[in-house]
Amino acid sequence: MVNRVLIAILILLVLINGAIGVYAYLLNRDIDTLSEQLADQVNALGDEVTVLSKQAEVRLDAVEEGMQSNQVGIDALGDKVDEELIQVGDRIIELAENLETEINGITSELAAIEPGLEADEVYQAVSPAVVEVSDGERTIGSGFIYDDDGHVVTANHVVEELTTIHVVLADGRTSPASVVGTCPLSDVAVLAPERQFDIVPLTLADSSAVKIGEPAITIGSPFDQRGTVTAGIISQVGRFEEIGDEAGSNWIANLLQFDAPANYGNSGCPLFNAAGEVIGLVVARVEPEIGDGISYAVSANKVRRVADAIIEQGSFNYPWLGVEASDFTPILAEMVGRETVDGAFVGFVTPGGPAEDAGIQADDIIIAINSVVVTEVADLVSYLGEHGSPGDSSVVTVVRDDSEIELTVTLGTR
């Protein structure tokens, strides 16, 4: 019995040992398989890590290159910004210097400008030198003391038909007067009173500096009302108008247009600026039934030129070009193929006159004289009136067949 038990135990042990061996074999085989799989996964992971490392390295290199490129751009931008800041700084300095110069210039101009006078102050300052021109019975016009010799300047049409002339001062003193000379083409006359008056003559301004819109003051004797003051503004300069009446008229150049009231008896009176300087000699107005607020005065520069010539030689030799010209109308401009109405259209050239001798032809368009632009006939005759003299050589620019031509004209005497 005991032997059987032992034998059974031994057999059981042998079976258990065999089972353990089989299990150990199977376990070792699984371990080897797992080891191989793990090794493969480790190797694959290592390869993947290597690839990722290389990719990361490439990307890092690219990032580094990008950063270097950006740094170069940043450096360049910084240099450009520095340059522009320097330029801006220089420009600011330049503008500041220019501004300072402008301010200094304006300050100097303002300092040089004398404050304008009120009309009453102008009257108090200049009225003693304004005279009434009479035929001995009634007032015909006005005038003013021109120089230290007591010459009186008035309008030609005031005295041209008078046989007896008297001048009456603001304080009532009077004197007979004679005509020194006249210029009907300028409507200027110079008188010489027989008695000498201790009156300070008026100051004539540079009328080329007269501005449109500036104050204008007259002092005259309208309707026998001695010392009448009217005020207005300058409406325009450089007018060219026919002045006169049914008995006769002349085209007068170098006229200032103003709107201060001027009536019968104002002819020949001075037109003043706000500083009390004479800027013109009143010669005409548009009649009320035709228009209102339009009066004319010969410019002071023209008056000075004519009066000085009359005092020196008894007359004024008016320059002559020798053409009849007209302003353009839109229809006339269209007829000659022009897109502008600027210029003086030559309708007639006087045979044997200065213009013909110089080669100016009918249908020429005068656009300048001595480089002074001519936009209308008034510009041409005004230039001649204030700057031209007989015998002068003047360069006249004309348009002919769409071409500009410069012609030299020797001015004659009108």
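Structural remarks
- Rounded Å value of the spacing that divides the Cα centres of the stretch 265-316 and the stretch 375-394: 19
- Under 11 Å, Cβ to Cβ, from Val346 - net charge with Lys/Arg +1 and Asp/Glu -1: -3
- Within the chain, helix-based [θ] at 222 nm, where runs of 4 or more DSSP H residues each add -39,500 (n - 2.57), nearest 500: -13500 deg cm²/dmol
- Rounded tilt (10° steps) of 2-112 against the dominant C-alpha axis of the chain: 10
- Nearest 10 degrees, 0 to 90: helix 377-387 Cα axis against the chain principal axis: 70
- At 0.890 mPa s and 25 °C, Stokes D of the stretch 146-302 from Kirkwood alpha-carbon radius, µm² per second: 156
- When each of Ser382, Ser295 is scored by the number of other beta-carbon atoms lying within 10 Å, the sequence from fewest to most is Ser382, Ser295.
- Residues Ser235, Ser299, arranged from fewest to most other Cβ atoms within 10 angstrom of their Cβ, appear as Ser235, Ser299.
- Label-point gap, in nm, between Ile92 and Gln361 - each point 7 angstrom along Cα→Cβ: 6.5
- Inter-probe distance in nm under a simple model that places probes 7 Å from Cα toward Cβ, at Asp224 and Thr340: 5.4
- A straight Cα-to-Cα reach below 19 Å connects Lys211 with the aspartates and glutamates Glu109, Glu114, Glu118, Asp259, Glu277, Asp379, Glu386, residues fewer than 8 places away in its own chain not being considered.
- Filtered chymotrypsin sites (Phe, Trp or Tyr not before Pro), the stretch 256-353: DSSP coil and at most 16 other beta carbons within 10 Å: Tyr264
Bear in mind that the values in this text are calculations on the coordinates, not laboratory data. Keep in mind that this is a model prediction, so the values were computed, not measured. Neighbour counts run over all protein chains shown; Cβ positions are idealised from the backbone, glycine included.
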